[in-house]
Structure formats: structure tokens, C-alpha cells
Amino acid sequence: MSDKFAVVLAAGQGTRMKSKLYKVLHSVCGKPMVQHVVDSLNELQADRIVVVVGHGADKVKEQLGSDVEYAMQEEQLGTAHAVMQVAPILKGRKGTTLVLSGDEPLISSETLEALVAHHEANQAAATILTRVMDNPTGYGRIIRGEDGGVERIVEQKDATEEEQCVKEINTGTYCFDNEKLFAILEKVDNNNAQGEYYLPDAVEILKSQGERIEASITEEITIGVNDRVALAKAESMMRERILTKHMKEGVTIIDPSNTYIEADVVIGRDSIIYPGTLIGAGTVIGEECIIGPHTQLTNCQVGDRVEIKQSVLVDSRIDSEATVGPFAYIRPNSHIGEGAKVGDFVEIKNTSLGKGSKVSHLTYLGDAEVGADVNVGCGTVTVNYDGVNKHKTVIKDRSFVGCNANLVAPVTVGEGAYVAAGSTVTDDVPDGALAIARERQTNKEGYAKNIIKK
């Protein structure tokens, strides 16, 4: 098996996006477009991936890191010119080279694998990835010869009436014999209205030299994203693909048209996702969970048999058999223990809640460490900020905090201790103690009539 190389064209500015963000860094289902492309190439096990960068090069390198190599295209002078910049890295090497755009997030490793297999089986100099469209208007047409090979690519503006009836189009993804590719690039000229060097011209020159040019038809829809309309279309198509994958793997999605799951999310079998739910990248959900409706999870680790309803969770871990919501907010660096309960209108930030503990309603726990089998009453607040620094609250195992308690950090409630309702606790509570920190009630008999008269 020959070496597989890949060249990803990612140097265009993308002016039609009308954005400060570099085009290939716009996200589709939570992942930058160029990252989708590189991930597909990694699944293909490409030996070397070279990304051609120009505008926003530093940002692209920051996203992709050191797993790929880079070539700089200082001036954007066409697709063939972009590939020329890779010559110092790949020229002279034996193997097969894929050339594809960094703004095609929908292209899959399976499609690329089929393209390479077709190319190598036919010993072609170049193979074009093509698709048959009912309405091919605007695309270059593939004109085949009697032997089934490609005779030429005809652009829409240059096509005859007969050629415009051809429905097989050029997707803009190619596979080349690497040595022949870089040998022929030197012969591509810019004798056109735009003064640029185009990759289809390289294919045409190879054909004129008697080389075999093939076309591999894909049923997969692959679109280049050049504006926000195409971005939305790619998002919709990718979302459908992701949802279908999860459903085929045993996840119930009640209303796919109203469910949003980003790339690289993992969901266990027999989990149920209710409408209005957004599950963000980096999230892993176990088996037999119930998520939603109207729930957002971002980069969360969720165990088995967890229920999360109408809540927002970010950068946190939820252990098996815990329940969250409705209307809870779990902020970053929080850990909800096994079988724990977080109820309605509870906010938890940078806090661990132990196994079996309950925070049922109307509570704020920030920068806290809560043990196992703790009950935190309605209206409890950990007072963690003194205006300059955040401080930690510790509530140990089997303790009980009554309603409307303020725990002024730094403070510790000991194991098995009780905090009376309405208390403002400023000192540590020893193990097994009862803390009462409030004014004793005073009743003034008959005084209410004086208030009513006013």
C-alpha cells in the first residue's frame, strides 16, 4: 500500500462570510470546519497532512496544533498555486495525494477512502470526486469518454447546451499520483481572466499527456461553505448526520428536528433525549439517561441512569443515578455525586456534592465541598466572596443545613452537625453540634393593631 498524503486548502480569506473570523474556523456543530476535514483525514490514517494557510494563519495553527504540517500561501493566486506551496514538503515522494478544501466539513473518511481506493485500483494519474445532481447549475461538469474515463472538466460558463445537460459535477476534491502532480504543476499557467492558477488545469494537462483521469462518484453531499447561507445548510446537514448516528446506536431522540447534538458527543444506549436539548462538544453521557426537555450540556461527563431536566450544565461531572433540575444551573468544575439530587432553581459552581446528598431548591453553592448524605435546605447560600477573594465552604458527611441559612466562608460545618433555619454562620460548627445563629424571637402582645392604624 502506497503512502497517503493530503493537502488541505485553507488560505482563502472568505470575504463572502463577512466576518472577522477566518473562514475555515467557522464552526459546524461545535467544531471548526477545517478541524472536521483534518479529523476525517486522520480517520483515513493519512501519513502526512499539509494545511496551506494564508489569512489568519496563526489562528489556524492554534486550532490544529502540531499534528499537521503547514505551507504558507502569501498571495492567494488560485488552487494550483496553493498546492505549489507544498512542493518543499511533498515533491518527489511516491504515494497518493488528496487535495481538498478546508471549508468542506461534510466530507467523511469513508468518502475519502472510497476515492483513494478507486484511484489506486485504476492506476490513474488523477481522480476527481464527483456527484450527480438534479440541478447542477453553477458547477463544473464532468465529461466522460467512451472508456468511462474523464475527458475534461467544463465550467458552467464554458459549457455547450449539450454539456450543460450533464448532471455529474466536480466537487473540488481530487486524488493524484503525488510525483505526477508536482511535475505537472510547473506547467500550469495563469492565462485566464483572473490571472490565477487552477487545479483543474493540471488535470487537463495530465489528460493531454495521455494519462488516465478517473472520476469517483459519491452519494454523500459535500458542499463548500462560502457564506452564512451555506454555513447554515452545512450545520443542518451535519446535525442530521450526527442525530442519525446516535439513533442507530441505540439512543432515542424524541424530536430530531428540535434536538441539537454537536460533533464528538458520546451517548450510551437506551438514553432518551427530549426536545429543545443542546448537547455540546466534549460531552459524554452514559446509558439509560433521560436528558431534557430544554436542557443544555457543554463538555460534561454524565454517568448512567442520570436524569437532567430543563437545566444548564457546563464543564462538570454528574455521577450515576443523580438527578438535576428542573431549572438548575451547574457551572464549571462541579461534581455531582452518585444518587445526589439537585432540584429547581439551584446554582452550583466549583463545588463537589457527595453521594446521596440533596440540594432540593432555591440554593447557591459556590466554591464548596459537600460530603455524602447531606441535606441542604431551601434558600441556603454559601457566602463565598468578600469583595476581593473567593473562600471555601466545607459541609461534612450527614450534616443538615436548615432553610435560609447563610454560610459565610471560609467556614466548616462538621460531620453530623445541624445548622438551624435562618442562621448566618460565621464560625466553624463542630461535629455533631447544633448551630443557631439568629436573634431570639420576641412577641409583643396586641401590638399589631398599632401597625394597622398607621
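The values are calculated or read from the model by the stated rules, or taken from the named source; none is laboratory data. Everything numeric in this text was worked out from a predicted model, so none of it was measured. Virtual Cβ from ideal backbone geometry, glycine too; neighbours counted across all protein chains shown.
I'm trying to understand the selection: among the residues of segment 227-264, which are assigned to a loop (DSSP other than H, G, I, E, B), surrounded by fewer than 16 Cβ atoms within 10 Å (Cβ to Cβ) and of a type outside the set (Asp, Glu)?
250, 254
Checking the conditions here, which among 204, 235, 168 is charged (D, E, K, R), in contact (Cβ under 8 Å) with a residue 24 or more places away in the chain and not assigned by the TED database to the domain that holds residue 87?
Of 204, 235, 168, the one residue that is charged (D, E, K, R), in contact (Cβ under 8 Å) with a residue 24 or more places away in the chain and not assigned by the TED database to the domain that holds residue 87 is 235.
Out of 52, 24, 28, I need the residue that is β-branched (Val, Ile, Thr), within 23 Å of residue 96 (Cβ to Cβ) and either within 20 Å of the chain's Cα centre (by Cα) or surrounded by 16 or more Cβ atoms within 10 Å (Cβ to Cβ) (or both). Which one?
52
The conditions are (1) assigned to a strand (DSSP E or B); (2) touching a helix residue (DSSP H, G or I) at 6+ places or on another chain (Cβ under 9 Å), and residue 131 fails exactly one of them. Which is it?
Among (1) assigned to a strand (DSSP E or B); (2) touching a helix residue (DSSP H, G or I) at 6+ places or on another chain (Cβ under 9 Å), residue 131 violates only (2).
Those residues that are closer than 16 Å to residue 329 by Cβ and either buried (at least 21 other Cβ atoms within 10 Å of the Cβ) or out of contact with any Phe, Trp or Tyr (no Cβ under 7 Å at 6 or more places or on another chain) (or both), I need them from segment 353-377; list them, please.
353, 359, 360, 363, 364, 365, 366, 367, 368, 376
If a residue must be free of Cβ contacts under 8 Å to residues at least 40 places away in the same chain and in a helix (DSSP H, G or I), how many such residues does segment 58-78 contain?
Residues that pass the stated criteria total 9.
Could you check segment 2-26 and list, in sequence order, the residues that are in a helix (DSSP H, G or I) and basic (Lys, Arg)?
16, 23
Could you list, in sequence order, all residues of segment 153-190 that are surrounded by 20 or more Cβ atoms within 10 Å (Cβ to Cβ) and either more than 38 Å from the chain's Cα centre (by Cα) or polar (S, T, N, Q) (or both)?
170, 171, 173, 178, 184, 188, listed by residue number.
Residue by residue through segment 191-207, note down the ones that are over 13 Å from residue 84 (Cα atoms) and not in a helix (DSSP H, G or I).
Once the filter is applied, which keeps residues that are over 13 Å from residue 84 (Cα atoms) and not in a helix (DSSP H, G or I), segment 191-207 yields 191, 192, 193, 194, 195.
Do you know which of the residues in segment 66-79 that are under 15 Å from residue 102 (Cα atoms) and among the small types (Gly, Ala, Ser) is farthest from the chain's Cα centre (by Cα)?
Across segment 66-79, the extreme among qualifying residues is 78.
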